[in-house]
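The values are calculated or read from the model by the stated rules, or taken from the named source; none is laboratory data. Computed from a predicted structure; not experimentally measured. FYI the Cβ positions are ideal-geometry reconstructions off the backbone, even for glycines, and counts take in every protein chain you see. Keep in mind that these areas ignore ligands, DNA and RNA; they rest on the heavy atoms of the full protein, side chains included. Shrake-Rupley method; radii C 1.70, N 1.55, O 1.52, S 1.80 Å.
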Amino acid sequence: MPDSTSASARFLAPAQVAELLSIEVDEVIELVYQGRLRGSRLGSPARWRVEESSLAEYLAEQSEEARRMALWRQANEASFPEVWGISRAHGT
């Protein structure tokens, strides 16, 4: 029995992905080679295609990374007295 997820997978051309991400087509192909996007060479002649679900996962990962970085920056901007109160080393 064929796998229904692969049969229903939608594919995008690298140019479409590049436009959605505001990057160059070569960068999309590099993301595929890095394994950050799932892509395949399909058709005759074979041309790169990126799974639409892979793009959604990549965007979710990027959003989560941005959220974590914002929290990290926010934590680093907080001064120690604000976080733990005034230290005894300063005599208070």
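Picking from residues in the range 33-70 that are assigned to a strand (DSSP E or B) and open to solvent by less than 60 Å² (accessible area, probe 1.4 Å), the one that is farthest from ALA18 (Cα to Cα) is SER40.
Each residue in the range 1-32 was checked for being surrounded by 13 or more Cβ atoms within 10 Å (Cβ to Cβ), modelled with pLDDT of 95 or more and either among the basic types (Lys, Arg) or in a loop (DSSP other than H, G, I, E, B) (or both), and 2 pass.
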